[in-house]
Amino acid sequence: MFRYLILLVILCVHNVLGFPQGAVSGTCGTMVPVHQGHQPQQGTPPVTVIVPDQITAGSQISVIIRANPGQGFAGYKILARDQDNNFIGRFLPTTGVGLVECGEIQGNAATHTNREAKTEVVLTWEAPQIAEITTITFFVTIVQSFAVFWVNYQTSSTIVPSYDVYQGCGITKTCFGIPSFCVPNRNCAMLAAVTYDNPDFTFELLSTANHNYVAMGLSNSQSMGDSSVIECVRLQAGIQSFKSWTIGITRAERSNIDANIIDFIAGWDIDGRIYCKVQRIPESVVRGVTFDLVNSNYYLLLAGGMPIGPTGVGMHANEGVSHARILLTEPQIVDVETSKNPLKLTHGALMIISWIGLSSIGIVVARYFKKTWPDTKLGGKDPWFIWHSVCMGLTFVLTIAGFITIFVYCGEWRTSAHAIMGCIVLAFTVIQPIGAMFRPDPNDAARPLFNWFHKAFGNIAHALAIITIFFAVRFPRVGLPYYTLYILAAFVSFYLLMHIIFMAINIRGQMKRDSSTNSSSKKQPYQVLLKTLLGLFILVILAFVVILCVVFMMDFE
């Protein structure tokens, strides 16, 4: 009788304790603990299981089982299965974590090693190496007590292949990255890799700069306009690719482009990095332009940014263009065109000084200050004329010098809106002093007509020069930050505002002179105010010149 009593006590203790060292491998299939006489609870267990939404193949991640506030749990078992219900991955040895063999691999599952109350468990799980995107599900059993437990609580994630985009660069791939020299160092903020596998081309695009998109363009020029573009875009539904065509320097449109040009292969979004892989046919026609990737050389353009519209991506924050035209069938490492070449810096600085600074001052002085110093002569000439002649003469000399430096740098003609408009500005710049040499005498009947044409040509040249500088700012190869446009816009706003103020003062002064009994006086009213505003105008213009030159010369790559 005593023996039966001892046996009964042993059985009861066994039923109470279950498996204090954790679940056994025999429960891998059902995830149901061997707690005789008790059924799993319904509903959600009092825990949160935290895993990344996307996991890189071969990487190690933290899997956290965290009890809800005020709750706890005594035991657990966790494992992962793929979409085909196969056991996948393995847990690594960690203090307080028991490894269980499921599917003939030690560590497919993990469990507790004691029945002490727990509020959080952190496990390390290693993803397998895979060749394609795989959806996985973590199955978790939570034990609160012998009689209270939850079975097969699920949370899902995605494993994405760990492509080494840099592998094969210069050997089997053409690789182009930003900033300069980043490909050999494997630290590009943006990277485009192109593999030629006759007859098709495979494009890989990568951004590590937390962009919403990265885009690569093929172009016959180094400008963003008229380029055939492949976009890799982060959307709510995941990473997607699009084809687009750049319009000018600010827009990319996806409409009216053959849908068969590219095929999306894969894409992922992990920790702010976006990647996509697409295949492109060797020859295509985009907006009437033929792109023959086998036989033709193209400039490579890269851009990345945040804004995404319904018909295309928005303004890019980072950009770059290849230093030369590239034949994509010849694997190579392509370097970005640097904006810090001394000749290019000289060209930019000369144009900023000429047209933002000198010509702005020269035009204002000639237009509003002819009667400000009526009794003063400099070399027999009015002060305003000397100021105007010096400013515009320097503008002429510096503009010619700027054109020479950029042509020496390029070594060839490169068609772009900036180049064409720059040549028009140069033509006006040459015409103005030649015309001034043949100006009629002040009393000649043709003098008013000359004055009108001279003023009109000067203002047109100045306006076109500023627009040309705007175009230059958006060139990828210039490497300027996006806010340079705002500085230029502030300059234009200030310049126009001062014209309005000077014009208003002159009109008011003329009205005052007309109503005065001494209307024959040469002295201009409001001279102190005008001179003060002129001093302010010159100081602010010089400040814009200095700021723009500093921004242009700084290294933003």
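The values are calculated or read from the model by the stated rules, or taken from the named source; none is laboratory data. All figures in this text were calculated on a predicted structure; none of them were measured in a lab. When we count neighbours, we look across all protein chains shown, and the Cβ atoms used for this are built from the backbone with ideal geometry, even at glycine. Keep in mind that these areas ignore ligands, DNA and RNA; they rest on the heavy atoms of the full protein, side chains included. Shrake-Rupley method; radii C 1.70, N 1.55, O 1.52, S 1.80 Å.
With every protein chain in place, what's the accessible area of K455 (1.4 Å probe, Å², nearest 10)?
110 Å²
Which ³J(HN,Hα) values, rounded to whole Hz and listed in residue order, are derived for the range 384-390 from phi using the Karplus coefficients 6.51, -1.76 and 1.60 in 6.51 cos²θ - 1.76 cosθ + 1.60 with θ = phi - 60°, glycine and proline given as x?
4, 5, 4, 4, 4, 5, 5
Each residue of the range 300-308 in turn: what ³J(HN,Hα) in whole Hz from Karplus with 6.51, -1.76, 1.60 and θ = phi - 60°, glycine and Pro shown as x?
Per residue, the Karplus-derived 3J(HN,Hα) values read 9, 10, 10, 8, x, x, 10, x, 10 Hz.
Packing-wise, with mean Cβ within 10 Å as the measure, how do 46-55, 300-309 rank, highest first?
Most protected by this proxy first, the peptides run 300-309, 46-55.
Once the Cα gyration tensor of the chain is diagonalised, what are the square roots of 5 times its eigenvalues, in whole Å and ordered largest first, as equivalent ellipsoid semi-axes?
Taking √(5λ) for each eigenvalue gives 74, 29, 17 Å, largest first.
So for E253, E319, what's the accessible-area order with a 1.4 Å probe, most first? Kindly include the intermediate steps, with their values, before the conclusion.
Details: E253 50, E319 30 Å².
Ranked from most to least accessible, the order is E253, E319.
Show the residues, 5+ positions off or on another chain, whose built amide H is closer than 5 Å to the amide H of R90.
E126
Given F491, A303, A446, which one lies farthest toward the positive end of the charge dipole of the chain, if we put +1 on the Cβ of every Lys and Arg and -1 on the Cβ of every Asp and Glu?
A446
Could you put C276, C410 in order of accessible surface area, largest first, with the 1.4 Å probe and the full protein assembly present?
Output order, biggest surface exposure first: C410, C276.
Applying the Karplus parametrisation 6.51 cos²θ - 1.76 cosθ + 1.60 with θ = phi - 60° to the phi angles of the range 209-216, what ³J(HN,Hα) value in whole Hz is obtained for each residue in order, glycine and proline being reported as x?
9, 6, 7, 8, 7, 9, 9, 10
For F450, what accessible area in Å² do you get when you roll a 1.4 Å probe over the heavy atoms of the protein chains, rounding to the nearest 10?
In the full protein context, F450 sits at about 40 Å².
Per the helix-only calculation at 222 nm, which mean residue ellipticity applies to the chain, given -39500 (n - 2.57) for every DSSP H run of n ≥ 4 and division by its residues, nearest 500 deg cm²/dmol?
-11000 deg cm²/dmol
Where a Cα-Cα gap under 17 Å defines reach, which aspartates and glutamates qualify for K243, not counting those fewer than 8 residues away within the same chain?
D200, E204, D226, E231, E253, D258, D263, E283, D292
Measure up K173/K344; K371/K512; K455/K531; K370/K455; K370/K512 against 20 Å on the Cα-Cα distance and list the ones that go over.
Working: K173/K344 30 Å; K371/K512 14 Å; K455/K531 22 Å; K370/K455 14 Å; K370/K512 17 Å.
In this structure, K173/K344; K455/K531 exceed 20 Å between Cα atoms.
Under a Cβ-only charge scheme (Lys and Arg +1, Asp and Glu -1), can you give me the dipole magnitude of the chain about the Cα centre, in debye to the nearest 20?
In debye, rounded to 20, the chain gives about 2760.
At 1.4 Å probe size, with the rest of the protein present, what percent of the exposed accessible area of the range 379-429 is carbon and sulfur atoms?
So the carbon and sulfur contribution to the accessible surface is 78 percent.
Under a 1.4 Å probe, what is the accessible area of the chain per residue, stated in Å²? Spell out each step's value before the answer.
Details: 27200 Å² over 557 residues.
Here the residues of the chain average 49 Å² of exposed surface.
If we count every other residue with Cβ under 10 angstrom of I257's Cβ, Lys/Arg +1 and Asp/Glu -1, where does the sum land?
Local charge sum for I257: +1.
With a 1.4 Å probe and all protein chains kept in place, how much accessible area does D382 have, in Å² rounded to the nearest 10?
Its accessible surface works out to 50 Å², give or take rounding.
Amide H neighbours of R186 under 5 Å, counting only residues 5+ apart in sequence or on other chains, H built in-plane at 1.01 Å?
none
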